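Below is one structure, written out as structure tokens; comments come after it.
The values are calculated or read from the model by the stated rules, or taken from the named source; none is laboratory data. Predicted model only: the values in this text are computed from it and were never measured. FYI the Cβ positions are ideal-geometry reconstructions off the backbone, even for glycines, and counts take in every protein chain you see.
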Amino acid sequence: MAATEQKPRIFSGIQPTGRKTLGNYSGGFRQYAQTQETGDGFFCIVDLHSLSVEYDPAELRRSTLDLAALLFATGLDAERSTVFCQSHVTAHAEAAWLLSAVTSYGQLGRMTQFKEKAAAHEFVSAALFTYPVLMAGDILLYQTDFVPVGDDQRQHLELARDVAQRFNHRYGETFRVPEAIIPEIGGRIMDLQEPADKMSTTLSSEQGAVYIADPPDVIRKKFKTAVTDSEREIRYAPREKPGVSNLLEIMSVATGESIKALEQRFVGAGYGDLKDAVGESVVELLSPIRERFEALRADERELQRLLSVGAEKARRASEPTLDLMYDRMGFATSEAGRFFGAARPRGL
Ligand code: AMP
Ligand code: TRP
């Protein structure tokens, strides 16, 4: 790589509220740690997103630190990557307002996640509706190349790309247009009891979701009672055999073995054998993570320190883009105030 060539910029966000599931591990944490190896990673605890649905303010602080601990426990390195809290970098809230001018009201109304969450809550906040604009800002502020996410964020990523393109078209080239990275296997982990539905923090039943914090016996039991089908054959066919295919995907995520190798391993075996083996592989995957998490979460001051370091790096990385946005949109810049002119966003 030439000295002037930059590493790809990686950005992803994850909400601090709600119990994190095996799905979050598969589409989120696992990918964050992997992509950190290939690029310049920014991983954001999106606390501002969390207030789009009802939440408990008394718990937000603790759950924010817990999520930081979990990000480090699953392999993020505070030296190499920038791990920070969205509310510590005011550019995110500002960018959301500016970008709302180039976001289509109609497109926001077509977001599947908005429709699902709106149907599940009595009070539907304006924040729930405009949530994807805040997310677009998160990504675009960092001139992001790649966004590792689960399959459920595909539509939001498409919207972020549309917003970037519309802004570039209307105001001049300002943003890189980001691409999603969605794993082929494990991009959408399904509910163990309702294999037609996604494993979800908010919508799954206690038995349907595996939580990263679940003790080993609880995990084993959840897999033992997983819903399969009335055949006997262990093969990967997500449409016809959603339950069995989900178990194979989970095992592939947990062990790193391919689906093909797993199908071969289980030729002639029964569903009971498969469920036991998957349960055991998930226990093995999550136990060391849980141990590291417990150790890290005990040191609140260290977590706070690491998040302050991350916030400082994130502020520096996002400021040039925010300045350019104000400038391109025609705002008067005060000499003492905004930095415009002092630095340009990366790549521009
Ligand atoms: P959230 O907890 O909603 O902030 O989600 C964090 C990350 O986990 C996002 O990238 C989601 O796409 C991903 N994710 C959530 N549920 C699942 C699932 N069932 N399968 C795969 N990825 C998921
Ligand atoms: N909306 C995402 C989720 O619920 C979280 C998120 C917020 C995000 N901002 C982001 C993900 C930026 C990727 C990039 O999972």
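Values computed for the structure shown
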| item | result |
| --- | --- |
| Residue in the range 140-155 that is more than 14 Å from the chain's Cα centre (by Cα) and either surrounded by fewer than 18 Cβ atoms within 10 Å (Cβ to Cβ) or not in a loop (DSSP other than H, G, I, E, B) (or both) present | yes |
| Index of the failed condition, Lys117 passing every other in (1) within 11 Å of ligand 2 (Cβ to nearest atom); (2) modelled with pLDDT of 95 or more; (3) part of a helix (DSSP H, G or I) | (2) |
| Top-ranked residue of the range 211-244 - restricted to ones that are aliphatic (A, V, I, L, M) and part of a loop (DSSP other than H, G, I, E, B), ranked as farthest from the chain's Cα centre (by Cα) | Ile234 |
| Residue selected from the range 107-149 under the condition more than 15 Å from Ala93 (Cα to Cα) and β-branched (Val, Ile, Thr), by the criterion nearest to ligand 1 (Cβ to nearest atom) | Val149 |
| Boolean, Leu157 is assigned by TED's automatic domain parsing to the domain that holds Trp97, in contact with a helix residue (DSSP H, G or I) (Cβ under 6 Å, 6 or more places away or on another chain) and within 12 Å of ligand 2 (Cβ to nearest atom) | no |
| Candidates Tyr105, Tyr55, filtered to the one that is at pLDDT below 95, surrounded by fewer than 17 Cβ atoms within 10 Å (Cβ to Cβ) and not aliphatic (A, V, I, L, M) | Tyr55 |
| The range 39-53 residues that are polar (S, T, N, Q), paired with ones that are within 9 Å of ligand 1 (Cβ to nearest atom) (beta carbon under 7 Å, 6 or more apart) | Ser50/Gln15; Ser50/Pro16; Ser50/Thr17 |
| Selected residue (criterion: modelled with the lowest pLDDT) from residues of the range 1-21 that are more than 14 Å from ligand 2 (Cβ to nearest atom) and touching a Gly at 6+ places or on another chain (Cβ under 9 Å) | Gln6 |
| Residue match in the range 25-36 (condition: assigned by TED's automatic domain parsing to the domain that holds Ala126, among the hydroxyl-bearing types (Ser, Thr, Tyr) and more than 15 Å from the chain's Cα centre (by Cα)) | no |
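Table: residues versus (1) within 15 Å of ligand 1 (Cβ to nearest atom); (2) among the polar types (S, T, N, Q); (3) farther than 23 Å from Gln15 by Cβ.
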| position | (1), (2), (3) |
| --- | --- |
| Met190 | yes, no, no |
| Ser204 | yes, yes, no |
| Tyr211 | yes, no, no |
| Lys221 | no, no, yes |
| Lys224 | no, no, yes |
| Ser230 | no, yes, yes |
| Glu233 | no, no, yes |
